[in-house]
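The values are calculated or read from the model by the stated rules, or taken from the named source; none is laboratory data. The shown structure was predicted, so the numbers you read here are calculated from the model rather than taken from an experiment. We place every Cβ from the backbone using ideal geometry, glycine too, and count neighbours over all the protein chains shown.
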Amino acid sequence: MSHDDMNNCSGFNEAAAAFSWNGSKKAINPYLDPAEVAPESALSNLITLYAADNEQEQLRREALSEQVWERYFFNESRDPVQREMEQDKLISRAKLAHEQQRFNPDMIILADVNAQPSHISKPLMQRIEYFSSLGRPKAYS
């Protein structure tokens with residue numbers, strides 16, 4: 001049986017029309033109407049939600065990675081500008097403390113006591129605080 005014989009047979013045309021894939025198709029132009037190309041379905045909604053969830057997860061991971069970087073790998077001691085500012089601050093504090101000690105000899109005593117280990121400085125500081133609470137400023141010097 002040739003192809004022409006099949007086309008002439010009315011049973012073949014009826015069977016071909018019964019299946020959806022044998023029917024004529026409309027031409028698709030994605031530039032004119034993209035909504036018609038991809039109709040809304042449960043699967044397309046699920047894929048869209050999954051992609052959005054992946055994007056949110058990626059953003060969350062990047063934020064966590066940034067926090068870990070800031071916490072463990074980037075600190076002030078490695079930043080030369082920040083380190084220089086900290087050193088300047090320490091130097092200015094030391095100069096201020098030195099100036100205060102020149103005019104107030106009691107500050108020298110307190111600095112020496114604070115420089116001692118805690119088992120020595122703690123009882124001494126308690127005594128100094130007791131004497132200073134008596135109201136006589138020079139009672140402990």
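When Glu86 is tested against (1) at pLDDT 80 or above; (2) over 30 Å from Met125 (Cα atoms); (3) not aromatic (Phe, Trp, Tyr), just one condition goes unmet, and that condition is (2). Cβ-Cβ contacts under 6 Å between residues 6 or more apart (or on different chains), taken from a first residue in region 87-110 that is within 20 Å of Ile128 (Cα to Cα) to a second residue that is not in a helix (DSSP H, G or I), are listed as Asp106/Ser141. Does region 23-59 hold any residues that are assigned to a helix (DSSP H, G or I), at pLDDT below 80 and surrounded by 10 or more Cβ atoms within 10 Å (Cβ to Cβ), and which are they? Residues satisfying the conditions are Pro34, Glu36, Val37.
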